[in-house]
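Read through the structure below, which is laid out as structure tokens, and then see the notes.
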Amino acid sequence: MARIWNFSAGPAALPQPVLEQVRDELLDWHGAGMGVMEMSHRGKEFTGIVQQAEADLRALLGVPESYRVLFLQGGATQQFAQIPMNLLTGGSADYLVTGSWSKKALKEAQRVVAGTASVRCAGSTEADGFVGLPDPQALAFDPRAAYFHLCTNETIHGVEVPPDYPLPSAVPVVADMSSHILSRPVDVSRYGLIYAGAQKNIGPSGVTLVIVREDLLGRAGPTTPSVMDFSVMAENGSMLNTPPTFAIYVAGLVFQWLRAQGGLPAIERANAEKAALLYACIDGSGGFYRNPVAPACRSRMNVPFTLADSGLDAAFLSETKAAGLASLKGHKSFGGMRASIYNAMPLAGVRVLVDFMNDFARRHG
Ligand code: PMP
């Protein structure tokens, strides 16, 4: 069986030991005589699985006691609507726009609260093409906002908010961490709410993680559907209805794999090394490859780059494919290429890519 080096932005590669364990347990989980997909979500086996997953996640991220962990459905896109439904029932919220995803989040919030509250853009880098972060001094924070929303890693534009970027302290900070959660340590206490779709660093698509500070529960409007209400889901241990059981199980195995790697400090070191290698290849190519993002906020997870001669794009893609390097085509709104190098991508895979890129540049430069 030949596994390729998969640079997909998501759904993305999963750690091979996790996939092997899933395969081994598929028909009979721990002697239960059935697989996890076939179990009642209310039975003792699955209850144990979800409790262990939450405990491992809490240990990895150092989630304080005063936060609830929810395993929801609908993807990060549903959170674009669910967050204002739960936290913005009047007044206004501030959004920082640093790429396509935070722009979508702002638009969806405006749609959801139309006429009942306001959604403000507190700063945007769109005019510069989403290649950096705004000067924090220049942001127009509203100290009375219901919350401040940002996307801490823009998957398409490859812009990552560094841990020392100042965030407002007077209002709850809500962060879309879909594409870099669990890639480095994070101080959860700086945030009121963290959310992430699973299909990059957590597990299969279908489960959406929400980590919410308890004092933000209970603020949803009276017509909010129960499954969309954070406090109802929290009261019911994310099991008001049937949760995405298989996705939660696989996520739990990914959390255990991460702990076995040495947790987030260890995975951060590996991710920093992978990203440094790839950016050095791009920057050292004499302009053959280019990444436009300001170095201080270049993403360690998603590395978009263009070829100086876009006429070579098709050859680059077909040759990478032939070399066993998959899913490098850039997002349609950025063009060029994108290499997503999430936790499950080993350094060896990035080395193969970089060797290919150097060779391709030599042959075509
Ligand atoms: N936010 C970010 C940062 C993303 O990368 C994505 C998906 N690529 C989304 C939101 C949307 O996620 P989903 O497809 O789970 O709705």
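The values are calculated or read from the model by the stated rules, or taken from the named source; none is laboratory data. Here the structure is a predicted model, which means the values were calculated and not measured. Please note: Cβ atoms are built from the backbone with ideal geometry, for glycine as well, and neighbour counts cover all protein chains shown. Note: accessible area is taken over every heavy atom of the protein model, side chains too, but ligands, DNA and RNA are not part of it. Shrake-Rupley method; radii C 1.70, N 1.55, O 1.52, S 1.80 Å.
For the reader, a short list of remarks on this structure follows.
- Choice from Leu26, Leu216, Leu347 with maximal GNM fluctuation in the chain (Cα, 10 Å cutoff): Leu26
- Using Cβ point charges alone (K and R +1, D and E -1), the dipole size of the stretch 263-364 about the Cα centre works out to roughly 180 debye.
- Of the peptides 281-291, 15-25, the order by per-residue mean of other Cβ atoms within 10 Å, starting with the highest, comes out as 281-291, 15-25.
- Segment Glu214-Asp128, extension gain: residue separation times 0.36 nm, minus the distance between their alpha carbons: 27.2 nm
- Charge context of Tyr279, other residues only, Cβ under 15 angstrom, K/R +1, D/E -1: +3
- Out-of-range pairs (alpha-carbon distance over 27 Å; input Lys107/Lys200; Lys274/Lys321; Lys44/Lys200; Lys104/Lys321): Lys44/Lys200; Lys104/Lys321
- Put Trp29, Trp5 in order of accessible area, highest first, and with a 1.4 Å probe you get Trp5, Trp29.
- In a fully extended conformation the segment linking Thr47 and Glu25 would gain 6.2 nm over its present Cα-Cα distance, using 0.36 nm per residue.
- Most tightly packed first, judged by the mean number of other beta-carbon atoms within 10 Å of their residues, the peptides 6-12, 245-251, 49-55, 311-317 read 245-251, 6-12, 49-55, 311-317.
- Net charge of Cβ neighbours under 15 Å - reference Ala109; Lys, Arg +1; Asp, Glu -1: +2
- Cα coordinate range in the stretch 16-260, projected on the principal axes (Å, largest first): 59, 39, 28
- Label-to-label distance, nm, for residues given as Thr242 and Arg259 (7 Å Cα→Cβ offset): 2.9
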